[in-house]
1. If we scan the range 59-81, do we find a residue that is under 26 Å from Val214 (Cα atoms) and not in a helix (DSSP H, G or I)?
2. Among (1) buried (at least 17 other Cβ atoms within 10 Å of the Cβ); (2) within 19 Å of Ser254 (Cβ to Cβ); (3) polar (S, T, N, Q), which single condition is Gln117 missing?
3. Please determine, by comparing only the residues of the range 345-375 that are more than 18 Å from Ile217 (Cα to Cα) and surrounded by 21 or more Cβ atoms within 10 Å (Cβ to Cβ), which one is farthest from the chain's Cα centre (by Cα).
4. What helices (runs of 4 or more DSSP H) completely inside the range 394-482 contain at least 2 residues that are modelled with pLDDT of 85 or more and out of contact with any Leu (no Cβ under 9 Å at 6 or more places or on another chain)?
5. Among the residues of the range 61-84, which ones are buried (at least 20 other Cβ atoms within 10 Å of the Cβ) and of a type outside the set (S, T, N, Q)?
6. Residue under question is Gly63, and the condition is that it be under 29 Å from Leu230 (Cβ atoms) and out of contact with any His (no Cβ under 7 Å at 6 or more places or on another chain); does it hold?
7. Among the residues of the range 55-80, write down those that are at pLDDT 90 or above and within 28 Å of Val97 (Cα to Cα).
8. Output the helices (runs of 4 or more DSSP H) that fall wholly within the range 282-377 and possess 1 or more residues being of a type in the set (Gly, Ala, Ser) and touching a strand residue (DSSP E or B) at 6+ places or on another chain (Cβ under 7 Å), or say none.
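The values are calculated or read from the model by the stated rules, or taken from the named source; none is laboratory data. Everything numeric in this text was worked out from a predicted model, so none of it was measured. Cβ: placed from backbone, ideal geometry, glycine included. Neighbour counts: every protein chain shown.
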Amino acid sequence: MGKTKRNLIYQTLYQMLTLVLPFVTAPYISRVLGTENTGIYSYTYTTVNYFMLAALLGIETYGTRTISRVRNDQNALNKAFSSLFYCHICVAGLCLVVYMIYVLCFSGAYRVYALIQALYILAELLNINWFFFGIEEFKITVTRNLVIKLLTIASIFLFVKDKGDLIVYITIMALGTFISQSFVWIFLRKYVKFVKASCSEIFQHLKPMSVLFVSVIATSIYRMVSKTMLGAMGELSSLGCFEYADKIIRMPLSIITAIGLVMLSKTSNMYVKNNKGAVSLVSKSMEAVLIFASAIAFGLCGIANNFAVLFFGAEYAYTGQLIEAMSISLIFMSWNNVLRTQYLMPKCKDKEYVIAVWAGAMVNIVSNLIFIRLWGATGAALTTSISYFVVSLVQSHYVKAELPVFQYLKRSAIPFAAGAVMLVCVKLVGHMLKCSWVTLCIQVLTGAIVYAVLVLIYLKKSDSFLYAGLVQPFLKKRKPSK
């Protein structure tokens with residue numbers, strides 16, 4: 001197996017594991033804690049998340065890109081890592097101090113919860129995932145995550161028993177993240193060592209990191225502002241439903257994110273070497289990603305109402321409506337991810353990327369102010385989809401001279417149509433049968449068959465690389481030997 005494919009598998013596992021904990025524990029936690037406690041957790045976590053983002057200051061993308069460019073030169077690697085980490089420590093330490101001031105002076109009734117959440121900032125202070133991503137050693141982070149996540153899941157089921165255990169739940173989640181980030185340091189000395197770095201070498205990273213941080217903040221606005229507004233308005237039950245809808249929508253996105261992170265390192269290296277195959281690689285990635293995203297987006301929309309009631313409980317029926325409203329955003333997020341991680345970031349077009357995400361952020365803030373007052377959490381869900389659509393438009397505008405954007409749209413029309421047909425079929429099954437796990441399984445099976453048949457016909461007729469590279473080899477293996 002090639003290194004890129006192997007890393008893609010590792011990174012997919014890594015991203016899925018970061019979201020699998022909420023998915024595995026959600027049916028239990030949603031019933032044990034209830035919508036209001038879920039809303040309190042979401043509100044306090046969203047607040048600390050602002051400081052976590054500031055602590056990282058764009059180092060995940062910038063650090064990965066910087067390390068990937070010097071990974072073949074050990075001296076340069078030592079120097080780059082050391083100066084980056086020293087800079088990161090200064091920024092993250094300052095953020096921790098500011099957060100503690102916030103907790104002591106402004107957190108009010110949620111002070112105890114907010115204080116425990118400080119563990120997340122300590123975890124980000126120790127975060128060096130970007131280094132291992134840059135040298136394309138994904139196995140270490142995946143192994144680390146798997147062990148810690150399993151221990152976290154076990155702890156939740158053992159110690160969180162009723163609504164009075166919200167503090168216990170927050171502690172388990174935050175402590176698990178802190179231990180996870182600490183564990184990876186055991187392996188660091190094998191790949192790099194700390195060296196001295198001057199102040200100028202350390203703080204030279206601040207400007208490019210800050211540019212990327214601006215885009216990270218803007219991207220995070222799409223999730224965090226909606227939750228902050230709902231919490232500030234006292235809509236804790238609606239926020240609890242919105243929290244789980246957001247988690248469900250973002251679970252499949254972990255696979256797209258995994259592809260993007262692996263390809264960011266690979267395409268950055270290819271662009272440095274002026275390898276013209278990078279553009280072809282982007283086209284192939286876009287086709288594969290949109291086929292996957294269309295299946296998940298239309299599929300989730302089809303099963304949302306039954307899934308929400310069965311998975312989270314009747315108290316969370318509203319979550320199904322929110323998933324329906326947000327599902328289309330998966331396609332826009334996937335489109336944006338490919339253009340960002342496989343073209344804009346590797347080509348150092350940070351300015352264009354920042355403009356795109358801030359355009360979406362401004363639309364998000366204005367739309368939330370209007371729609372949340374009108375429709376509550378439903379307005380926040382609609383705003384999410386609108387914001388990512390705006391980012392898609394702006395990013396496409398900036399890359400259309402170098403990438404065949406209209407060809408991407410043309411090739412995505414059939415998967416979109418197949419998804420729409422699947423949606424109708426899945427909804428019909430849901431209307432004809434009563435809400436049950438059996439019905440949900442029939443819906444999923446029906447949707448999978450309909451979409452797979454339509455897409456396979458399209459791939460064969462269009463002579464897609466996916467058919468030649470994945471389907472044909474599989475069919476050949478299935479043929480009986482003579």
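1. No, that holds for no residue.
2. Here Gln117 clears every test but (2).
3. Ile372
4. Ranges flagged: 405-432, 437-461.
5. If the condition is that a residue be buried (at least 20 other Cβ atoms within 10 Å of the Cβ) and of a type outside the set (S, T, N, Q), then Tyr62, Gly63, Arg65, Ile67, Arg71, Leu77, Ala80, Phe81, Leu84 are the ones that fit.
6. Judged against the criteria, Gly63 is not a match.
7. Across the range 55-80, the qualifying residues are Ala55, Lys79, Ala80.
8. Answer list for the range 282-377: none.
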